[in-house]
1. Considering each of Ala26, Ala31, Ala50 in turn, give the residue that is in the same structural domain as Gly127 (by TED's automatic domain parsing), farther than 29 Å from Leu191 by Cα and among the small types (Gly, Ala, Ser).
2. Every residue in the stretch 208-239 that is touching a Gly at 6+ places or on another chain (Cβ under 9 Å) and crowded, with 20+ Cβ neighbours inside 10 Å, please.
3. When the stretch 67-117 is examined, which residues are found to be surrounded by fewer than 24 Cβ atoms within 10 Å (Cβ to Cβ) and of a type in the set (Ser, Thr, Tyr)?
4. When both residues are 6+ apart or on different chains and their Cβ atoms are under 6 Å apart, which pairs have a first residue that lies in the stretch 70-90 and is more than 22 Å from Val216 (Cα to Cα), and a second that is basic (Lys, Arg)?
5. Taking the stated definitions as given, is Asp133 more than 24 Å from Gly317 (Cβ to Cβ) and out of contact with any Ser or Thr (no Cβ under 6 Å at 6 or more places or on another chain)?
6. If the requirement is being at pLDDT below 85, of a type in the set (S, T, N, Q) and either surrounded by 21 or more Cβ atoms within 10 Å (Cβ to Cβ) or closer than 29 Å to Gly310 by Cβ (or both), which of these qualifies: Ser349, Ser411, Ser369, Ser355?
7. Can you tell me which of Leu250, Leu243, Leu268 is at pLDDT below 85 and touching a helix residue (DSSP H, G or I) at 6+ places or on another chain (Cβ under 6 Å)?
8. Scan the stretch 279-328 residue by residue and report those that are among the polar types (S, T, N, Q) and touching a residue at least 40 places away in the same chain (Cβ under 8 Å).
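The values are calculated or read from the model by the stated rules, or taken from the named source; none is laboratory data. All of these numbers come straight from a predicted model, not from anything done at the bench. With ideal geometry, Cβ positions are generated from the backbone for all residues, glycine too; neighbour counts draw on all protein chains shown.
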Amino acid sequence: MTAITQDANTLTTFRRWAILFSVTLATTQYAMAILVVSVVLPQMQGSLSATQDEVAWVMTFNILATAVMTPMSGWLAARFGRRRVMLGSMAGFTVATMFCGLATNLPVLVLFRIAQGTFGAPLIPLGQAIVLDSFPRHQHSMATSVFGMAVVVGPGIGPRLGGWLAEDFGWQAAFFMFLPFGVIALVGLSLFLTDKGRQRGVTLDWTGFLTLSVAVVALQLMLSRGQRHDWFESPEIIIEAVLALIAIHLFIVHSLTARQPFLNPRLLLDRNFVIGLIIVGIYGMLNFTPMVLLPPMLQGLLGYPDSVIGVLLGLRGVGAIFGFFVAMFISRLDPRIGMTIGFLMQVASGLHMSSFDINVTIMDVGFNSLLQGLAIGIIWVPLTVAAFATLDNKHLAEGSAVYHLLRNLGSAVFISLSITVVIISTSSNYAGISEAISDYNKILTLPWSVGAWSTDNAKGLAALSGEIGRQAALIGYINAFKAYTLASLAVLPLIALVRIPKSQ
């Protein structure tokens with residue numbers, strides 16, 4: 001019997017489920033809070049008299065704080081114990097969220113959004129470590145399914161629920177909705193969580209922490225502000241890129257030579273864990289990208305109202321919930337089967353989106369959202385089980401921190417790349433299509449081929465220009481969806497390299 005099984009068997013069934021409920025409730029709130037601001041930014045901008053660039057810092061600084069603190073989770077658990085860190089994180093997150101709702105000016109709001117990200121960041125990686133440590137290995141699929149709903153479904157639910165409350169009660173309600181659930185989670189964690197993970201003589205490797213923090217912050221800033229500043233045409237983006245490269249180089253060299261590095265490079269000796277990190281990075285790339293690309297496409301090109309878009313994206317969450325339940329049964333066979341099925345469904349989803357045209361129906365988009373949700377639900381459970389199948393339980397906290405850091409970075413990188421593909425493709429295709437609008441094009445002399453897009457007057461030319469812009473933008477989105485499909489295909493060979501212990 002392994003150590004993790006011995007530890008899990010010391011808990012009663014009731015206590016295990018109480019821990020799972022409390023941890024899941026805590027992580028759900030943090031997962032929802034990450035993106036809840038995205039739907040209330042316009043309200044904030046008007047209420048706080050801020051420019052679009054200024055109000056964007058409300059999201060940017062929260063993401064930066066999360067990126068810095070996520071890899072700290074392992075050290076915090078080793079230094080103070082998982083129970084203390086979880087209680088402190090949940091309490092700090094709840095208080096910071098309350099003050100976000102009470103903020104009356106932009107600097108105060110940004111300050112407490114930083115606090116929200118700082119305190120909330122350890123909740124997901126430590127929560128995952130606690131769940132895996134509280135259940136025996138043969139129940140990891142079931143426990144991971146329940147926990148995974150918080151991590152994966154939460155970001156989809158948060159913006160919808162927050163947007164609905166903000167419409168009726170103001171943007172502050174999007175923060176206040178977390179308070180009662182934060183108190184319930186805090187009480188549950190204090191009653192049922194045991195103090196584990198603390199080690200003696202643990203010191204913080206400041207060099208490793210600072211170099212990794214600089215690398216992550218510089219990379220996140222470059223990705224979030226690159227398109228706005230025309231990428232490497234901007235001195236700011238060049239500086240951020242150079243800082244990221246230098247810092248990551250220093251971090252790698254230091255980690256390989258230090259006695260007690262900030263992140264233990266020996267984790268990379270575990271084959272399954274390394275493959276799991278690569279796959280979860282690609283999984284992060286695929287997870288949030290459609291949620292970012294579809295709303296502007298549906299609203300700007302097809303004229304869908306916000307209410308309909310919210311319902312269509314909500315179907316993704318419904319599909320994910322079903323996917324987690326399906327994953328419980330598939331993972332009993334072989335985690336590789338579940339991952340293969342899930343990523344093949346992502347491929348099918350990408351191919352379907354690549355076939356969208358200007359007349360795509362609500363049914364098509366709704367079906368695709370369900371398919372994506374089902375896929376991400378099916379993938380998450382076997383992926384997590386396989387990644388941690390052979391990792392020693394004493395490395396769970398640190399391994400979970402790296403695992404979720406790669407998931408977040410993969411998401412940030414691919415979203416930025418996808419938006420860049422859309423913008424560049426739109427511009428180039430607009431120029432290409434416009435070349436066909438000429439007096440020398442005989443098709444344009446036929447009345448039934450031109451219709452309202454007359455080239456003889458300003459109104460007709462404006463209508464024609466608008467239609468060319470719509471078609472060019474749609475081609476840009478389709479190109480981004482093709483990149484999504486290729487990323488889904490690229491991960492399939494990696495799944496074959498995963499090894500499942502015979503005891504599993």
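1. The conditions single out Ala50.
2. Within the stretch 208-239, just Ile237 meets the criteria.
3. Across the stretch 67-117, the qualifying residues are Thr94, Thr104.
4. Gly81/Arg198; Arg82/Lys196
5. yes
6. Numbers: Ser349 fails: at pLDDT below 85; Ser369 fails: at pLDDT below 85; Ser355 fails: at pLDDT below 85.
Answer to the selection: Ser411.
7. Values: Leu250 fails: at pLDDT below 85; Leu243 fails: at pLDDT below 85.
That would be Leu268, the only listed residue that is at pLDDT below 85 and touching a helix residue (DSSP H, G or I) at 6+ places or on another chain (Cβ under 6 Å).
8. Of all residues in the stretch 279-328, those among the polar types (S, T, N, Q) come to 287, 289, 299, 307.
Within the stretch 279-328, Asn287, Thr289 meet the criteria.
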